[in-house]
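Here's the structure, in structure tokens; my notes come after.
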């Protein structure tokens, strides 16, 4: 449990939260402010963070002391508030804060290499350029022990409202840490526009526009104090994910926050505020998520969930909050069908159980063989409900349409091609995979035909890649189709007609995989051919043709039936016998 990582304690007196307001200061009497300050925790920096802090504070002083118009004038074009020249108005001193996730993680005892630096009076790019100039001075490099690789190149990440990237950011690497620079801001949304108007703001305004109170904390570099304007510290103590502002308005302003809250809740093992949960599946919020947020952004959030420490909790929340048909679908297709997800939990709970029982020779150990395969396995579990629906009609010319699951992956969360190929192949090979499993289950004589199983595995792997994940996809779909585990809304003991215990289904699949091990075909795709096309055409004295592909398969099947044989002559003779190939 993450509570054991807390390095601080909260007083009972620090329990009242600031009133939720769109903008404007939160008014607290001086006594309460002093009480709150006394209750704030401290953060202990590691040596790299101390070095970075010292550098940034010196850069802030360097900017403050430089009163030339070139350094201090903040025009409207470079992000200043009012464009008034420094010669007429004394500039506001630079105040730096580390914000959001870094603060949260440090308070939880989790080291973070990503630091967001919020600046009160200039854009991130302006500050970063001044930082770079500061670090180029030899005396400053010596003072801060800056090595040749300690300051990376500056990268400007432009605004992209169409992808929910509302503010320009400048990022660089400093002392091995990834550091982003951005100004404090406030957001104003209007009904006429789905993109907010961005303005310079105060620290309180910046905190209020964030997705969750636990992500709205600041560490003030000048005072070395944690600043909490939204009640985030209390929410951390209560292990609660809560929005700083009214949830419905928060989610309709930026619907991506729905997915971000799911991700943080699952990663931190926190609960989501019931008030927020009540509106996360609201039709207005779901419509906004479909219309306002690019599917690439949906995919980024989903990927982070599935690569996180608790992907099953993320899928549980998506299930419980009614988000499935908004995420796993093609939003551009008007008549996209929707699968029945009432038994979807059987698939993802099964995968969680398999992962927890990852012992040598187990289903999970045999089929999930890398970190990439792990996250892909969770994506496959999410897509299994689509296997219950019939395929779309063939395309013109008779070419089969993409499986619905692949459409939901590609268009719903912009799945990478590798994952989409596995989904497509798993769907199209499902019948054959089930057939071979049943051959083993019923102990048919053909179960001892090594070439039957080895050649099938080679085909699965060559047409879609990662045959092991294809089999896992079929297993999870089989569990969802045949069991009642995790059925939502059914009382204990209530069963679907024909449903069987999940243990019985998994026992069948374990026996199938054990048999593949016995046949020694688990690595069938890696088996090197004794006979290639050049050798075969030369041995037969004929030119290559359409016959060659089938002939090579005949030779490979012979190789599976004769393990350990290294002489290719018999394999060639096996091909020669097949007169139906039409070799000329």
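The values are calculated or read from the model by the stated rules, or taken from the named source; none is laboratory data. Since this is a predicted model, take the numbers as computed values, not measurements. Reconstructed Cβ throughout: ideal geometry from the backbone, glycine too, with neighbour counts over all protein chains shown.
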- Task: Report yes if some residue within region 484-493 is in a loop (DSSP other than H, G, I, E, B), buried (at least 20 other Cβ atoms within 10 Å of the Cβ) and modelled with pLDDT under 85; otherwise report no.
- Result: yes
- Within region 311-325, track down each residue that is outside any helix (DSSP H, G or I) and either touching a strand residue (DSSP E or B) at 6+ places or on another chain (Cβ under 8 Å) or surrounded by fewer than 16 Cβ atoms within 10 Å (Cβ to Cβ) (or both). 322
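Yes or no, residue by residue, for (1) surrounded by fewer than 18 Cβ atoms within 10 Å (Cβ to Cβ); (2) over 12 Å from the mean Cα position of the chain (by Cα); (3) without any contact (Cβ under 8 Å) to a residue 12 or more places away in the chain:
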| site | (1), (2), (3) |
| --- | --- |
| 243 | no, yes, no |
| 263 | no, no, no |
| 274 | yes, yes, yes |
| 281 | yes, yes, no |
| 309 | yes, no, no |
- Task: Would you mind stating whether residue 81 is assigned by TED's automatic domain parsing to the domain that holds residue 229, modelled with pLDDT under 90 and surrounded by fewer than 17 Cβ atoms within 10 Å (Cβ to Cβ)?
- Result: yes
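Hey, among 370, 353, 375, which residue is over 20 Å from the mean Cα position of the chain (by Cα), modelled with pLDDT of 95 or more and either surrounded by fewer than 21 Cβ atoms within 10 Å (Cβ to Cβ) or under 30 Å from residue 504 (Cα atoms) (or both)?
Every option except 353 fails the conditions.
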- Query: Can you name the number of the only condition in (1) in contact (Cβ under 8 Å) with a residue 60 or more places away in the chain; (2) under 25 Å from the mean Cα position of the chain (by Cα); (3) within 21 Å of residue 279 (Cα to Cα) that residue 236 fails?
  - Reply: (3)
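Let's see how each residue does on (1) more than 24 Å from residue 227 (Cα to Cα); (2) modelled with pLDDT of 95 or more; (3) assigned by TED's automatic domain parsing to the domain that holds residue 59:
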{"residue": "144", "(1), (2), (3)": "yes, yes, yes"}
{"residue": "164", "(1), (2), (3)": "yes, no, yes"}
{"residue": "170", "(1), (2), (3)": "no, no, yes"}
{"residue": "173", "(1), (2), (3)": "yes, no, yes"}
{"residue": "187", "(1), (2), (3)": "no, no, yes"}
{"residue": "192", "(1), (2), (3)": "yes, no, yes"}
{"residue": "201", "(1), (2), (3)": "no, no, yes"}
{"residue": "208", "(1), (2), (3)": "no, no, yes"}
{"residue": "214", "(1), (2), (3)": "no, yes, yes"}
- Can you tell me which of 97, 104 is out of contact with any strand residue (DSSP E or B) (no Cβ under 9 Å at 6 or more places or on another chain) and modelled with pLDDT of 95 or more? 104
- Message: Against the definition (modelled with pLDDT of 95 or more, exposed (fewer than 15 other Cβ atoms within 10 Å of the Cβ) and either in the same structural domain as residue 516 (by TED's automatic domain parsing) or within 25 Å of residue 296 (Cα to Cα) (or both)), how does residue 414 come out, yes or no?
- Response: no
- Query: Just checking, how many residues over region 457-467 are surrounded by 16 or more Cβ atoms within 10 Å (Cβ to Cβ) and out of contact with any helix residue (DSSP H, G or I) (no Cβ under 6 Å at 6 or more places or on another chain)?
  - Reply: 1
- Query: Does any residue in region 116-138 that is in contact (Cβ under 8 Å) with a residue 40 or more places away in the chain come within less than 6 Å, Cβ to Cβ, of a residue that is buried (at least 19 other Cβ atoms within 10 Å of the Cβ) and part of a helix (DSSP H, G or I) six or more places away or on a different chain, and which pairs are these?
  - Reply: 119/127; 130/63; 131/59; 134/59
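Quick grid of which residues meet (1) surrounded by fewer than 20 Cβ atoms within 10 Å (Cβ to Cβ); (2) touching a residue at least 12 places away in the same chain (Cβ under 8 Å); (3) within 30 Å of the chain's Cα centre (by Cα):
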| site | (1), (2), (3) |
| --- | --- |
| 432 | yes, yes, no |
| 435 | yes, no, no |
| 446 | yes, no, no |
| 475 | no, yes, yes |
- Task: Select from region 321-347 the residues that are in contact (Cβ under 8 Å) with a residue 24 or more places away in the chain and over 15 Å from residue 412 (Cβ atoms) and list them in ascending order.
- Result: 321, 322, 340, 342, 343, 345, 346, 347
